[in-house]
2 protein chains.
Amino acid sequence: MNIGDVAERSGVPAKTIRYYEDIGLVKPTRGRNGYREFEERELHRLAFIGRARSLGFTIEDCRDLLALYDDESRASAEVKRVAEQNLQEIDAKISGLKAMRDTLRYLVEQCSGDHRPDCPILKSLSNGPAHNL
Amino acid sequence: MNIGDVAERSGVPAKTIRYYEDIGLVKPTRGRNGYREFEERELHRLAFIGRARSLGFTIEDCRDLLALYDDESRASAEVKRVAEQNLQEIDAKISGLKAMRDTLRYLVEQCSGDHRPDCPILKSLSNGPAHNL
DNA sequence: CTTGACCTTCCAGTCACTGGAAGCTCCATT
DNA sequence: AATGGAGCTTCCAGTGACTGGAAGGTCAAG
């Protein structure tokens, strides 16, 4: 399989696959023409990485997960630990974003949004921290 | 005022202030010794940028907002537009993160987390897209 | 034999900083 | 007056995870 096919079937862009090879996440063989050759196993790994990334795992997490995946004798506790840590980080991000959103929404609601120059959004940014609103 | 004082009073690290000067967000004057000299106005702008950044505005947003801020004849509608767009982006991010979190939480709950190699998290990453769970 | 799609490498850019090295300046203490 | 340390300067490089583009080799169809 060439990189284009793998890209299409795994949903990971060709450019990104080359990058993943650079950083050692996948190791396709090479044909006589210099083209990368992918087996099912590599396709599988790429799809795995794609799904893990879409769940918010970092590249390093992926590396760990793939190593665990390759390790027949791994303990599921180890995998769970990685996932749980990720879960906490996601929760923290959501909380932060929610706080931002609430502040912004309040400001947007306050703003008349017309042709007049008077704007509570700028006023707030100018006068004090968001949490004072 | 030297950069250290401004950093402390604005809450923006000195390193970051230099970066902001590089990209033209602030324009401190220079003393005979080559040190940057900050007036109240610059301090004010830096605090403004810091608050806007903490609300999730990008640097380019900040540039726009500062221009609007400087423009006595701006319409608040313009400011509101920038803020509303930001609000939508934040909402989208929150939704995405929530979906990720729900999937992950389910997986973590399913995982026994013990010494056995059988792990539903890896199984799921391996077998199909997260939204199929 | 040509065209065009697909592949290769390499370099640079993204975003918003952050770290570090080398060297200058200022102020207080000895 | 010398010294020491904090604070300032510039410049270079790295972060994460790609992404874009140029220059050039390869392959399959017509």
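We did not get these values from a lab; they are worked out from the coordinates using the rules stated. Keep in mind it's a predicted model, so treat the numbers as computed, not measured. Cβ coordinates were reconstructed from backbone atoms using ideal geometry, including for glycine residues, and neighbour counts include every protein chain displayed.
Data overview
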{"read-out": "Region B:7-44: number of residues that are more than 20 Å from B:PHE57 (Cβ to Cβ) and touching a residue at least 40 places away in the same chain (Cβ under 8 Å)", "value": "0"}
{"read-out": "A:GLY11 being on the phi > 0 side of the Ramachandran plot, near DNA strand D (Cβ under 8 Å from one of its atoms) and either among the small types (Gly, Ala, Ser) or more than 14 Å from chain B (Cβ to nearest Cβ) (or both)", "value": "no"}
{"read-out": "Residues satisfying the stated conditions in region A:76-118, i.e. aliphatic (A, V, I, L, M), facing chain B (nearest Cβ under 7 Å) and in contact with an Asp or Glu (Cβ under 7 Å, 6 or more places away or on another chain)", "value": "A:ALA77, A:VAL108"}
{"read-out": "Residue check, B:GLU60 charged (D, E, K, R) and touching a residue at least 24 places away in the same chain (Cβ under 8 Å)", "value": "no"}
{"read-out": "Residue match in region B:39-58 (condition: surrounded by fewer than 16 Cβ atoms within 10 Å (Cβ to Cβ), away from every other protein chain (no Cβ under 14 Å) and assigned to a strand (DSSP E or B))", "value": "no"}
{"read-out": "Residue count for region B:10-36, restricted to those that are in contact with a strand residue (DSSP E or B) (Cβ under 6 Å, 6 or more places away or on another chain), assigned to a loop (DSSP other than H, G, I, E, B) and more than 9 Å from DNA strand C (Cβ to nearest atom)", "value": "1"}
